[in-house]
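Have a look at the structure below, then the notes.
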Amino acid sequence: MSERATYYAYLDSPIGRILVAGDGETVSRISFTTGHSVLQPEPGWVDDGVPLRAATEQLEQYFAGERRRFDLRLSLRGTPFQKRAWEVLLTIPYGEAWSYGQVADALGSPGAARAVGRANATNPLPLVVPCHRVIGADGTLTGFGGGLRAKQWLLRFEGALPGEQESGQPALF
């Protein structure tokens with residue numbers, strides 16, 4: 001049996017250009033084109049957004065304020081701990097921010113906040129698996145593959161940080 005092709009497409013968003021990749025059945029990667037976790041298409045990937053239409057449409061709906069949860073088939077590859085951590089991230093409600101310790105507690109691994117941070121850093125599907133909703137115990141914004149400005153924008157957009165207007169759009173001032 002041959003391996004399925006990996007397709008990719010770019011999406012413009014309020015926090016910059018985003019790369020979306022998958023095999024047409026599942027979404028396997030989302031990456032920012034700026035920040036410290038930039039992914040480039042690999043040799044052999046096919047530049048074709050049609051097989052990724054559901055993912056790009058749902059991301060557009062999210063950024064338009066029309067979607068709070070994603071309904072996509074995901075391909076999450078990682079260690080058993082990473083996968084468990086990412087499953088917990090999927091339970092963090094839109095508009096909330098949890099600390100790394102809260103995620104560790106939800107995993108049944110109190111004291112594993114640093115391991116949760118490492119799992120977040122390797123999350124292959126940011127936004128859909130909302131690692132941006134995890135902050136320091138003291139409320140500080142810590143690491144995010146798209147950069148801290150993008151994380152702050154996302155948390156304000158979702159209403160999890162002060163500075164949001166009633167319209168749901170982040171305040172400009």
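Where a number appears in this text, it was derived from the coordinates with a stated rule and is not lab data. All values derive from a computational prediction rather than experimental measurement. Cβ: placed from backbone, ideal geometry, glycine included. Neighbour counts: every protein chain shown.
What percent does the relative contact order of the stretch 43-173 come to when contacts are Cα pairs within less than 8 Å and at least six residues apart? RCO, the stretch 43-173: 20 percent. In this structure the amide hydrogen of residue 7, modeled in the peptide plane, comes within under 5 Å of the amide hydrogens of 22, 23, 24, 46, none closer than 5 places in sequence on its chain.
When both the stretch 92-136 and the stretch 18-58 are represented by their alpha-carbon centers, they are found 22 Å apart.
Report note on the peptides 96-102, 136-142: ranked by the mean count of other C-beta atoms within 10 Å, highest first, their order is 96-102, 136-142. The residues packed around residue 84, meaning those with a beta-carbon under 14 Å from its beta-carbon, carry a net charge of +1 if Lys and Arg are +1 and Asp and Glu are -1. Taking mean projected area of the Cα convex hull in nm² as calculated from this structure, the corresponding entry among (1) 10.4; (2) 11.7; (3) 9.9 is (1).
The sum of -39500 (n - 2.57) across all DSSP H runs of n ≥ 4, divided by the residue count of the chain, sets its helix-only mean residue ellipticity at 222 nm to -8000 deg cm²/dmol.
Does the stretch 80-158 come out rounded, prolate or oblate by the C-alpha gyration tensor, with a ≥ b ≥ c the root eigenvalues, rounded set by a/c under 1.5 and, if not, prolate when a/b is larger than b/c and oblate if not? Here the stretch 80-158 falls in the prolate category.
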